[in-house]
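To start, the structure itself, in structure tokens.
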Amino acid sequence: MIRSHVLICGGTGCTSGGSVAIGDKLQQELNRLGLAEEIKIVRTGCFGLCALGPVMIVYPEGTFYSRVKVEDVTDIAEEHLLKGRIVERLVYKEHEELDMSQVPALGETNFYKTQLRVALRNCGVIDPENIEEYIAMDGYQALGKVLTEMTPAEVIDVMKASGLRGRGGAGFPTGMKWQFAAANQADQKYVVCNADEGDPGAFMDRSILEGDPHAVLEAMAIAGYAIGASKGYIYVRAEYPIAVSRLQIAIDQAREYGLLGNNIFGTDFCFDCEIRLGAGAFVCGEETALLTSIEGNRGEPRNKPPFPANKGLFGKPTIINNVETLANIPQIFLKGADWFASMGTEDSKGTKVFALGGAINNTGLVEIPLGTTLRHIIYDIGGGIPNGRQFKAVQTGGPSGGCIPASLLDTPIDYGNLTRIGAICRAHLVARFRKGGCDRASLRWRCFPMRF
Ligand SMILES: Cc1cc2nc3c(=O)[nH]c(=O)nc-3n(C[C@H](O)[C@H](O)[C@H](O)COP(=O)(O)O)c2cc1C
Ligand code: FES
């Protein structure tokens, strides 16, 4: 009988810090101490606090160990797991001066307490290589509900009512995009997941794929049902090997469980997904260039119109959605459009994941309700600028983004405000890549306080 679970972060950050070797060593120690039957190691996706990696958490106590090294593992196994004595020197304390009795539970720390995890809900919580852990967290329930209780039109209505807007580009309303594709009659339609994530410093999509790949597959199947597509492609950059491998494992498992393939949930609906690897061209994140690349051609943007919903992959109606957009969708069907629309601001519903990088103490991954100020993200969650130095500016949105100065730190972050303050406009880039240009301002999100 399992009495304890040790969750070890297997996100890219902690993996590069040695978390695989730490997990292997811990398994050896559990075997040596005769604890292998009682204590289970779970390798998860990113916990969020990447700056402290490699990290692990021991349940049921909830003890959070940070900056763990292979040399620490014997202590953790012998002291904590065998004798029940926490290894204090490795416990994350938020403030060094705290003694153990004052250490808050992880969820109560400044980093986590105001976060709202919707797209990241399973990251750092489940083993992404085990479909049963996803199912245990209500995974594939939304797909079951959609297929057995709702018509495609009702699915689109829920999406529209939720107010979800695309997290990868133009902030286009997702339900409306689906409606356009659904309205087109064709012998074949496609659902494409944009996991190209070309912006330097961004790792939101990678982390979702590494930590919760089934959420994306489930959402793609829901999208397929809504628009009448039976085929999906996930375009992911080859520089994301962990994401690619977990995604392939997830696809194989979903097929094995009958959650991808023919007659899903005993209905007439058939849907399957394949991965396509990108070679790291930034422009291939642009939806029409991405489609051109999937078709086997040089990834160059096409003029719009026609939009992909009318004439997309191989000339067929296609919807393209970003990884994070998709990761929200199963929860919308489980908890309801009103629940989702109750978070965020008037024009921007829900939450947003940010990758915090650069000159900030808590580099990592955070998810906050839209409308949160940059000051809160940078100072309260991010822990401020290292060595108490003065904040100068934050760069959001990658190469097509903008630098937001200190005077705008109290701006609530949502689509409208970021566009208003000129923080990002992909139009310049599109214009550079193709002559036609683009009239849509769009947002890509990361948070990169600058050194000075
Ligand atoms: C130059 C350029 C690069 C882009 N790169 C990405 C990207 O890496 N990932 C992404 O999801 N969207 C990217 N986009 C936006 C996509 O074209 C598209 O709007 C998005 O995938 C739609 O999904 P969404 O509606 O779920 O946001 C890029 C757009 C441009 C103009
Ligand atoms: S990669 Fe381990 S906490 Fe982010």
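Details
- Filtered residues of the range 1-24 (kept if in a helix (DSSP H, G or I), of a type outside the set (Gly, Ala, Ser) and under 25 Å from the mean Cα position of the chain (by Cα)): Thr12, Cys14, Thr15, Val20, Ile22
- Selection of the range 264-274 for residues being touching a Phe, Trp or Tyr at 6+ places or on another chain (Cβ under 7 Å) and surrounded by fewer than 18 Cβ atoms within 10 Å (Cβ to Cβ) yields only Glu274.
- Checking Ser16 against (1) in contact (Cβ under 8 Å) with a residue 60 or more places away in the chain; (2) closer than 20 Å to Tyr240 by Cβ, the condition it does not meet: (1)
- Here the strands (runs of 3 or more DSSP E) wholly within the range 293-397 that include at least 2 residues being polar (S, T, N, Q) and surrounded by 21 or more Cβ atoms within 10 Å (Cβ to Cβ) are 318-322, 393-396.
- Thr63 meets all of the listed conditions (1) crowded, with 20+ Cβ neighbours inside 10 Å; (2) more than 16 Å from ligand 2 (Cβ to nearest atom) but one, namely (2).
- Enumeration of residues in the range 187-208 that are part of a loop (DSSP other than H, G, I, E, B) and within 15 Å of the chain's Cα centre (by Cα): Asp196, Glu197, Gly198, Asp199, Gly201, Ala202, Phe203
For every residue, the table says whether it meets (1) touching a Lys or Arg at 6+ places or on another chain (Cβ under 6 Å); (2) touching a residue at least 24 places away in the same chain (Cβ under 8 Å); (3) assigned to a helix (DSSP H, G or I).
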residue	(1), (2), (3)
Leu26	no, yes, yes
Asn31	no, no, yes
Leu35	no, yes, no
Lys40	no, yes, no
Pro54	no, yes, no
Ile57	no, yes, no
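Okay, residues lined up against (1) surrounded by fewer than 22 Cβ atoms within 10 Å (Cβ to Cβ); (2) away from ligand 1 (no atom under 11 Å from the Cβ); (3) not β-branched (Val, Ile, Thr):
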| residue | (1), (2), (3) |
| --- | --- |
| Asp187 | yes, yes, yes |
| Asp196 | no, no, yes |
| Gly201 | yes, yes, yes |
| Ile208 | no, yes, no |
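- Within the range 173-211, tally of residues that are away from ligand 2 (no atom under 16 Å from the Cβ), aromatic (Phe, Trp, Tyr) and either over 19 Å from Ile156 (Cβ atoms) or in contact with a helix residue (DSSP H, G or I) (Cβ under 7 Å, 6 or more places away or on another chain) (or both): 2
- Filter result for the condition that a residue is over 23 Å from Gly13 (Cα atoms) and either more than 16 Å from ligand 1 (Cβ to nearest atom) or in the same structural domain as Ile377 (by TED's automatic domain parsing) (or both), over Glu129, Glu78: Glu78
The values are calculated or read from the model by the stated rules, or taken from the named source; none is laboratory data. Small disclaimer: the values here were computed from a predicted structure and weren't measured. Reconstructed Cβ throughout: ideal geometry from the backbone, glycine too, with neighbour counts over all protein chains shown.
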